[in-house]
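Student: Here's a structure for you.
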């Protein structure tokens, strides 16, 4: 069964090719688009069952498809690598991907570019699978750039609106900064270890490099740059909120459940390298904590339903980075999985709400939708509870694990824990602010829910996963080094558990009861300033605009006539000069030509005679 | 061989050639230019025949036949062009027909 591994990324790729070149009718396109992912999910299941029944030490499978290229001592094989980590990622990508594809059939039913949508989605899934299955960093990088491309194509899916194109370019360029850093990391690693195989790198790095010396630190920092870009962490986080310009299923699949977790996957995959660079680990943890707080505060003030979810995604990715930073690898992947469940659910439910209220995305123009949209309401409720990590939902297990591991971290773990707990409080507030404003209060509008099975089924399955996904055991015992037994005091335990509830209560008081405190705060001048500051994402966009984009555009303006072009322009000018001179001889007078010929002949014959 | 000495023949040919050349250079009417070219052809032909008779070889006369054929072909094409030019521009003045300047 393991031999079928190559089929998993190939099936979506075949789907992509069929959809692009096939000119299929709409029904068939839906079958191909969803079917290819469904088959890939089935293959994943068929592979997972025998793979997991192997003893834990033997859970490694390598499949060389072909030798990709071989230059001097660089041998890159197109090799797939299956271990528990890539298996879990594969399951998330194909499983959640299948549900979202199914949902898209209903969501995109009226779109003119139906086939294009599914072809991009299939290409995305293929690239993402390649990313998680790559045995060496080159294959991984191929998938990495592939998902970046698909993300660009899908954010700008409705390209007739200029701002969508702008958002797509922004996402592409900002992540490109991270990707450049990652490419440099690849070169650096190859220069010093002469291999790009992930397993060989980890072995050689642990054998050759001293923990904490500059070599592993630089290599890990360069790879971290790539992860920051892809996973929308500080300081490369600004693209993610704008990425919501794409259709909602895209936001669910790419910008919440799978692609943005690629950075988390990369760090977990290379964790032995990162263990050699404890300084970088601390940086990861701090970045994660800062991102989760900043984006949490930003989410508090947003009015667009999808942007709130986008900022909450950034915040949850911050938790994963926090976990990676403190060395809780399996907790990070666990949160990645549960987050994929409930964030996909929330986005798909948001999509359902958006359709039902005729493509309105401002939450203040909605209200009292609880009775009118019962399915969306319950989906939001379950997803929201998992997001705020209420006990016994899936999010609780993973977030609890992360926060306890953080508390036990030796470098100022208490402070990071405090940031994480405070972030959990804010998560509770902004999530239930959204729910109370959209689903409670006075009724506005004439929303109607009329969905087919293709929309209901994925929502229901995801509801189940969000509630119960926390019980799924992850087979990481052999893969990641065990954490020191957490000695979190019972006070910390209780605080971690109860903080989300406090958040919900605050949201209830502020946005359901509409207590006067909030009114007074938002009326005050400082409150308004703070709100504007948070609303614009802590001014990062403004800052980059001022200090990077504007100077760059100035330089571009100055060098509009490329300096290097001057040389070629000189050549062209010289050629034109010669042409002018020669064209004088072309008078069009036949007698003149004849005379010149005679003169020439006489001259040359004379020359010949003289010699 | 006690006929005309070769120098005389060649001198006549040279004179004829220069006359033709002068005609090509100074005449403005295309017809006259073509006629001058005929004179040049024949001057060359005369030089061939003179040479052929000096060395008693048939090659000179064969070359003259070739020159005649060439001249006939040239006239055929040239006169056709002259007709077309006249139809289009209503003139045969070479200095007016200078549209192909650079």
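The values are calculated or read from the model by the stated rules, or taken from the named source; none is laboratory data. Bear in mind the structure is a predicted one, so any value in this text is a computation, not a measurement. With ideal geometry, Cβ positions are generated from the backbone for all residues, glycine too; neighbour counts draw on all protein chains shown.
Student: Suppose we filter A:556, A:596 for residues that are within 14 Å of chain B (Cβ to nearest Cβ), over 30 Å from residue A:309 (Cβ atoms) and either loosely packed, with under 11 Cβ neighbours inside 10 Å or modelled with pLDDT of 85 or more (or both); which single one remains?
Tutor: Numbers: A:556 fails: within 14 Å of chain B (Cβ to nearest Cβ).
Result of the check over A:556, A:596: A:596.
Student: With respect to the numbered conditions (1) part of a helix (DSSP H, G or I); (2) under 30 Å from residue B:34 (Cα atoms), which one is the sole condition not fulfilled by residue A:568?
Tutor: (2)
Student: Right, next: Return the residues of region A:1-40 that are touching a residue at least 24 places away in the same chain (Cβ under 8 Å), loosely packed, with under 15 Cβ neighbours inside 10 Å and closer than 14 Å to residue A:104 by Cα; say none if nothing qualifies.
Tutor: A:26
Student: Would you tally the residues in region A:360-419 being assigned to a loop (DSSP other than H, G, I, E, B) and crowded, with 21+ Cβ neighbours inside 10 Å?
Tutor: Pass one, region A:360-419, residues assigned to a loop (DSSP other than H, G, I, E, B): A:360-361, A:366-368, A:373, A:388-393, A:408-412.
Narrowing the set further to residues that are crowded, with 21+ Cβ neighbours inside 10 Å leaves A:366, A:373, A:388-389, A:393, A:409.
Total satisfying the criteria: 6.
Student: Confirm whether residue B:92 is touching a strand residue (DSSP E or B) at 6+ places or on another chain (Cβ under 6 Å) and within 25 Å of residue A:585 (Cβ to Cβ). Let's see the steps before the verdict.
Tutor: Working: touching a strand residue (DSSP E or B) at 6+ places or on another chain (Cβ under 6 Å): yes; within 25 Å of residue A:585 (Cβ to Cβ): yes.
So residue B:92 passes the test.
Student: If you don't mind, another one. From the list A:431, A:427, which one is at pLDDT 85 or above and more than 24 Å from residue A:284 (Cβ to Cβ)?
Tutor: From the options A:431, A:427, the qualifying one is A:431.
Student: Determine whether residue A:215 is touching a residue at least 12 places away in the same chain (Cβ under 8 Å), closer than 27 Å to residue A:129 by Cα and either buried (at least 24 other Cβ atoms within 10 Å of the Cβ) or more than 23 Å from the chain's Cα centre (by Cα) (or both). Explain how you work it out, then say what you get.
Tutor: On the way: touching a residue at least 12 places away in the same chain (Cβ under 8 Å): yes; closer than 27 Å to residue A:129 by Cα: no; either buried (at least 24 other Cβ atoms within 10 Å of the Cβ) or more than 23 Å from the chain's Cα centre (by Cα) (or both): yes.
Against the criterion (touching a residue at least 12 places away in the same chain (Cβ under 8 Å), closer than 27 Å to residue A:129 by Cα and either buried (at least 24 other Cβ atoms within 10 Å of the Cβ) or more than 23 Å from the chain's Cα centre (by Cα) (or both)), residue A:215 does not qualify.
Student: Of all residues in region B:46-102, which are more than 30 Å from residue B:9 (Cα to Cα), in contact (Cβ under 8 Å) with a residue 12 or more places away in the chain, within 14 Å of chain A (Cβ to nearest Cβ) and within 20 Å of the chain's Cα centre (by Cα)? Please lay out each step first, then the result.
Tutor: Our first condition is that a residue be more than 30 Å from residue B:9 (Cα to Cα); within region B:46-102, this holds for B:77, B:79-102.
Now restrict to residues that are in contact (Cβ under 8 Å) with a residue 12 or more places away in the chain: B:79, B:82, B:85, B:92-95, B:97.
Right, trim to within 14 Å of chain A (Cβ to nearest Cβ) and you get B:82, B:85, B:92-95, B:97.
The answer is B:82, B:92, B:93, B:94.
Student: Follow-up. Is it true that some residue in region A:86-105 is modelled with pLDDT under 85 and out of contact with any strand residue (DSSP E or B) (no Cβ under 9 Å at 6 or more places or on another chain)?
Tutor: Of region A:86-105, the ones modelled with pLDDT under 85 are none.
Checked against the condition, which is being modelled with pLDDT under 85 and out of contact with any strand residue (DSSP E or B) (no Cβ under 9 Å at 6 or more places or on another chain), region A:86-105 yields no hits at all.
Student: Being part of a loop (DSSP other than H, G, I, E, B) and under 17 Å from residue A:306 (Cα atoms) is the filter here; which residues of region A:320-359 pass it? Don't jump to the end; show me each part of the working.
Tutor: Let us first name the residues in region A:320-359 that are part of a loop (DSSP other than H, G, I, E, B), namely A:326-328, A:357-359.
The answer is A:357, A:358, A:359.
Student: So, of the residues in region B:10-34 that are in contact with a helix residue (DSSP H, G or I) (Cβ under 7 Å, 6 or more places away or on another chain) and more than 14 Å from every other protein chain (Cβ to nearest Cβ), which turns out to be farthest from residue B:86 (Cα to Cα)?
Tutor: B:10
Student: I need every pair where a residue in region A:596-611 that is under 18 Å from residue B:14 (Cα atoms) has its Cβ under 7 Å from the Cβ of a residue that is surrounded by 10 or more Cβ atoms within 10 Å (Cβ to Cβ), sequence separation at least 6 or different chains.
Tutor: A:598/B:21
Student: In addition: Just to be sure before I move on: is residue A:517 farther than 29 Å from residue A:233 by Cα and away from chain B (no Cβ under 14 Å) in the structure I sent?
Tutor: Details: farther than 29 Å from residue A:233 by Cα: yes; away from chain B (no Cβ under 14 Å): yes.
Yes, satisfied.
Student: Does residue A:266 meet the test of being assigned to a helix (DSSP H, G or I), under 21 Å from residue A:399 (Cα atoms), touching a helix residue (DSSP H, G or I) at 6+ places or on another chain (Cβ under 6 Å) and at pLDDT 90 or above? Steps first, answer last, please.
Tutor: Working: assigned to a helix (DSSP H, G or I): yes; under 21 Å from residue A:399 (Cα atoms): yes; touching a helix residue (DSSP H, G or I) at 6+ places or on another chain (Cβ under 6 Å): yes; at pLDDT 90 or above: yes.
Answer is yes for this residue.
Student: Go through (1) under 20 Å from residue A:536 (Cα atoms); (2) touching a strand residue (DSSP E or B) at 6+ places or on another chain (Cβ under 8 Å) one by one and return the number of the condition residue A:232 breaks.
Tutor: So residue A:232 meets the others, but not (2).
Student: What number of residues in region B:44-72 are in contact with a helix residue (DSSP H, G or I) (Cβ under 8 Å, 6 or more places away or on another chain) and either under 20 Å from residue B:33 (Cβ atoms) or surrounded by 12 or more Cβ atoms within 10 Å (Cβ to Cβ) (or both)?
Tutor: Going through region B:44-72 one residue at a time, the tally reaches 19.
Student: Does residue A:76 count as touching a residue at least 40 places away in the same chain (Cβ under 8 Å) and assigned to a helix (DSSP H, G or I)?
Tutor: On the way: touching a residue at least 40 places away in the same chain (Cβ under 8 Å): yes; assigned to a helix (DSSP H, G or I): no.
Answer is no for this residue.
Student: Take the residues in region A:48-63 that are in contact (Cβ under 8 Å) with a residue 60 or more places away in the chain and touching a strand residue (DSSP E or B) at 6+ places or on another chain (Cβ under 6 Å); name whichever of them is surrounded by the most Cβ atoms within 10 Å (Cβ to Cβ). Show your work before the answer.
Tutor: Filtering region A:48-63 for residues in contact (Cβ under 8 Å) with a residue 60 or more places away in the chain gives A:52, A:56-57, A:59, A:62-63.
Adding the requirement that they be touching a strand residue (DSSP E or B) at 6+ places or on another chain (Cβ under 6 Å) leaves A:62-63.
Details: A:62: 15, A:63: 17.
Selected residue: A:63.
Student: Mind counting the residues in region A:153-204 that are assigned to a helix (DSSP H, G or I), loosely packed, with under 15 Cβ neighbours inside 10 Å and touching a helix residue (DSSP H, G or I) at 6+ places or on another chain (Cβ under 6 Å)?
Tutor: 0
Student: Does residue A:226 satisfy being more than 20 Å from residue A:427 (Cα to Cα), modelled with pLDDT under 85 and within 22 Å of the chain's Cα centre (by Cα)? Write out each step before concluding.
Tutor: Numbers: more than 20 Å from residue A:427 (Cα to Cα): yes; modelled with pLDDT under 85: no; within 22 Å of the chain's Cα centre (by Cα): yes.
Criteria not met by residue A:226.
Student: Is it the case that region A:572-583 has a residue that's part of a helix (DSSP H, G or I), within 30 Å of residue B:22 (Cα to Cα) and away from chain B (no Cβ under 14 Å)?
Tutor: Here is the first cut: in region A:572-583, the ones part of a helix (DSSP H, G or I) are A:572-583.
If we keep only those that are within 30 Å of residue B:22 (Cα to Cα) too, we end up with A:581-583.
Adding the requirement that they be away from chain B (no Cβ under 14 Å) leaves none.
So far as region A:572-583 goes, no, none of its residues is part of a helix (DSSP H, G or I), within 30 Å of residue B:22 (Cα to Cα) and away from chain B (no Cβ under 14 Å).
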